[in-house]
Amino acid sequence: MLDKPHYAGHRKRLRDRFLKSGSSALPDYEMLELVLFMAQPRGDVKPVAKSLLKQFGSYAGVITAEEKELKKIAGLGDVAVAALKII
């Protein structure tokens with residue numbers, strides 16, 4: 001039997017943790033991952049979330065950033081920017 005990769009089910013675990021305990025149970029990069037999951041249904045969004053935090057400093061800094069500044073982040077397209085700005 002093959003073992004599943006460590007990241008298998010990551011999105012569900014993260015979503016469940018958020019629903020059970022709220023945003024205070026998650027670091028900023030995981031909150032950003034939750035938003036980015038909706039914009040990018042497949043693939044690893046953690047590097048993009050961490051790039052956003054490096055550039056803008058916090059979850060609040062990301063969601064209040066200007067659209068043109070968000071679009072400068074590699075891997076962040078129009079759908080992801082819209083998801084971040086909807087909040």
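Mean residue ellipticity, 222 nm, helices only, the chain: the sum of -39500 (n - 2.57) across DSSP H runs of n ≥ 4, divided by residue count and rounded to 500, is -17000 deg cm²/dmol. I want to check a number: in the chain, how many lysine pairs have alpha carbons closer than 24 Å, given a sequence separation of 8 or more or different chains? Lysine pairs satisfying the spacing and distance rule in the chain number 24. Label point 7 Å out from LYS72 along Cα-to-Cβ: which residues of segment 36-53 have amide N under 13 Å? Zone members listed by number: 52.
Of all the Cα-Cα pairs you can form in the chain, what percent are over 14 Å apart? Value for the chain (Cα pairs over 14 Å): 63 percent. Our summary gives segment 24-86 a relative contact order of 37 percent, counting only alpha carbon pairs under 8 angstrom and 6 or more residues apart. A dipole drawn for segment 24-86 from +1 and -1 charges on Cβ atoms has a positive end, and of THR64, ALA83, VAL48 the residue lying farthest that way is VAL48.
For GLN55 and SER23, FRET efficiency with R0 = 22 Å and r from the beta-carbon atoms, rounded to 0.05? Between SER23 and GLN55 the formula returns 0.60.
Quick note: the coordinates plus some simple rules give every number you see, no bench work behind them. Worth saying up front: this structure is predicted, and the values here are computed from it rather than measured. As a convention, Cβ positions derive from the backbone with ideal geometry for all residues, glycine included, and neighbour counts pool all protein chains shown.
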